[in-house]
Amino acid sequence: MLDGIALLPLVTETSSAGRELAIGVIVHRLPVGMAIWWVVRPQFGTPLALAIFGLVILTTILGYRIGEDALASSAPVLALFHA
């Protein structure tokens, strides 16, 4: 979900490094996807690997959709997480 929050226009426009953060989030998703595929698919099969991809996609979208509320209500918690 935090990756979705990082993609918010609010985050990318107010921070000088916001665009770079968004690009970094997107680029970092590629090796995560490859790791899921290489680790999960051989052990548990294609259906579970695709289900995990779906879960990752849904949580990223959820973070993007509810991200402004999450930033407003838990900014100190997010700051500690990032630290």
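A few comments on the model shown:
- Boolean, Ala51 is at pLDDT below 70, surrounded by fewer than 14 Cβ atoms within 10 Å (Cβ to Cβ) and part of a helix (DSSP H, G or I): no
- For Gly33, the test of being at pLDDT below 90, in a helix (DSSP H, G or I) and out of contact with any strand residue (DSSP E or B) (no Cβ under 9 Å at 6 or more places or on another chain) is passed.
The values are calculated or read from the model by the stated rules, or taken from the named source; none is laboratory data. Predicted model, so just to flag it, every value in this text is computed and none were measured. Note that we place each Cβ from the backbone using ideal geometry, even for glycine, and neighbour counts take in every protein chain shown.
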